[in-house]
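Colleague: Quick one: the structure is below, and I'll ask about it shortly.
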Amino acid sequence: MIRLLIVGTGAMAHSHAKAFGAMDDVIIAASVDPNADARAAFNQEFNIPNGFASVEDAIVWGDFDAATNVTPDAIHFRTTMPLIAAGKHVLCEKPLATNHADASEMAATAQAAGVVNMVNLTYRNVPALMQAAQMVREGQIGDIRHFEASYLQSWLAQDLWGDWQTEDAWLWRLSSAHGSMGVLGDVGVHILDFATFAAGSAVDRVSCRLKTFDKAEGGRIGEYSLDANDSMAMHLSLKNGAIGVIHASRFASGHINDLRLRLFGTEGGLEVRFEGAESALSVCKGGDLRLAKWEEVQTAPVVPNFRRFILAIKEDQAASPDFARGAALQQVLDMAVASDAASACDQVI
């Protein structure tokens, strides 16, 4: 039986608690949140017997094997490092950290400690993505030459998930002072992983533009300065020689939470879609290339990240995507920010 600590009790922590709570071989032993009221409500909802104000307090107690870190981005580093030092296995929400130096230290420390470490890149749970990555590895579409990918949300244009203008759960995502890297760090990391994992190559070069739109008078709502980016457009080259584009926005009206990827190789193309919570994969290759005929590919269910984390612990094996992958993605995010900051070199019409 794996005894689990949940660090953080916000909206995403509820998803973690539901998933892990449904597993017969997992006991949610405790939670961590400095807000006593939030912690008590969370523990009552999920029947969690113990609660602590800090990770350090939980470590002193010590009666757990692993932790899932569902805190805001800015405190992933300082809440994860003590857990690693205590020899606890850790699943951390994305992005792994808010800068490459911290992410690299987390990865190196976890590797040296020999603990299972994993980043919750949610869309590794998409069957079409995993099947596409396998087909690329098998050489079914030849060498990748070009790609395009998008992650489109519209919660700044509608209130399906809640009113971002009044709810802290959304406002912190718009404020760099509250640890947000904006759409780049929130969903950009997902589509970056989505595209480069399927393409089977690391990033070589990056050019990026970030945009923050006026959303409130004076750019503020209460304590939140709304300065984090709302849209991003990125051009990348990969180490396998491919080039492509990735874009993401929270103003993509008409899209709730949709991801799409198209990969073009020397012997065929693949299209991955995760739209309306449905996964689909299409391929065009061989004799269909001349007619540009695309066919649907059947995909098999995949083992979700949460379950793979527990299995890695039980089987004493490495988990994927690990902290090293999280650090590599963070390096690209840092490069994207630096690229946008250097945009004064652009030619302006």
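Read the figures in this text as sums done on the coordinates, not as results from a lab. The structure displayed is predicted, hence computed values, not measured ones. Every residue, glycine as well, gets a Cβ built from its backbone with ideal geometry; the counts of neighbours run over all protein chains shown.
Colleague: With the cut-off at 23 Å, report for the range 57-169 the share of all Cα pairs above it, as a whole percent. Please report the intermediate quantities before stating the final value.
Modeller: Details: 3313 of 6328 pairs.
Distances greater than 23 Å cover 52 percent of the Cα pairs.
Colleague: Among 246, 75, which comes first, second and so on when ranked by fewest other beta-carbon atoms within 10 Å?
Modeller: Numbers: 246 25, 75 16.
Ranking 246, 75 by Cβ neighbours within 10 Å, fewest first, gives 75, 246.
Colleague: So, one more: Please state the relative contact order of the chain as a whole percent: Cα pairs under 8 Å, 6+ residues apart? Walk me through the numbers on the way to the answer.
Modeller: On the way: 738 pairs, mean separation 67.9, N = 349.
Once divided by the residue count of the chain, the mean separation gives 19 percent.
Colleague: Give the relative contact order (percent, whole number) for the range 71-185; include only Cα pairs under 8 Å separated by 6+ residues. Intermediate results must be reported in sequence, preceding the final value.
Modeller: Working: 96 pairs, mean separation 26.8, N = 115.
Reported as a whole number, the value is 23 percent.
Colleague: Do you know the relative contact order of the range 66-126, to the nearest whole percent, from alpha carbon pairs under 8 angstrom that are 6+ apart? Provide the component values of the computation, followed by the final result.
Modeller: On the way: 84 pairs, mean separation 22.1, N = 61.
Once normalised by length, the contact order is 36 percent.
Colleague: Sort 71, 299 so that the residue with the fewest other Cβ atoms within 10 Å of its own Cβ comes first and the one with the most comes last.
Modeller: On the way: 71 23, 299 18.
The order, fewest Cβ neighbours first, is 299, 71.
Colleague: If you fit an axis through the alpha-carbon atoms of helix 323-341 and take the longest principal axis of the Cα set of the chain, what angle between them do you get, 0 to 90°, nearest 10?
Modeller: Roughly 60 degrees between the two axes.
Colleague: For the range 219-331, list log₁₀ I(q)/I(0) at each q in 0.20 Å⁻¹, using the Debye formula over Cα point scatterers of equal strength and ignoring solvent, two decimals each.
Modeller: With one equal scatterer per Cα and no solvent, log10 I(q)/I(0) is -1.31.
Colleague: Could you tell me which label, among (i) 0.95; (ii) 1.05; (iii) 0.97, carries the value of Rg/Rh (Cα atoms, Kirkwood Rh) calculated for this structure?
Modeller: Among (i) 0.95; (ii) 1.05; (iii) 0.97, the one derived from this structure is (iii).
Colleague: Can you pull out the GluC sites (Glu not before Pro) in the range 128-174 whose DSSP state is coil and whose Cβ has at most 11 other Cβ atoms within 10 Å?
Modeller: On the way: sites: 138, 148, 167; in loops: 138, 167.
Listed in order of number, the matching sites are 138.
Colleague: Give the separation of the Cα centroids, the range 101-124 to the range 131-196, in Å.
Modeller: What the calculation gives is 20 Å, centre to centre.
Colleague: Let me ask something else about it. Counting only residues 5 or more places away or on other chains, whose amide H sits under 5 Å from the amide H of residue 230 once H atoms are built in the peptide plane?
Modeller: 183, 211, 212, 213
Colleague: Based on C-alpha coordinates, I'd like the Rg and Dmax of the range 127-301, in Å.
Modeller: 18.1, 60
Colleague: Ranking 273, 39, 250 by Cβ neighbours within 10 Å, fewest first, what do you get? Show your work: numbers first, answer last.
Modeller: Values: 273 18, 39 21, 250 25.
Fewest to most other Cβ atoms nearby, the residues stand as 273, 39, 250.
Colleague: If the cut-off is a Cα-Cα distance under 18 Å, which aspartates and glutamates reach residue 293, setting aside same-chain residues fewer than 8 apart in sequence?
Modeller: Within the straight-line limit of under 18 Å, residue 293 reaches these aspartates and glutamates: 267, 271.
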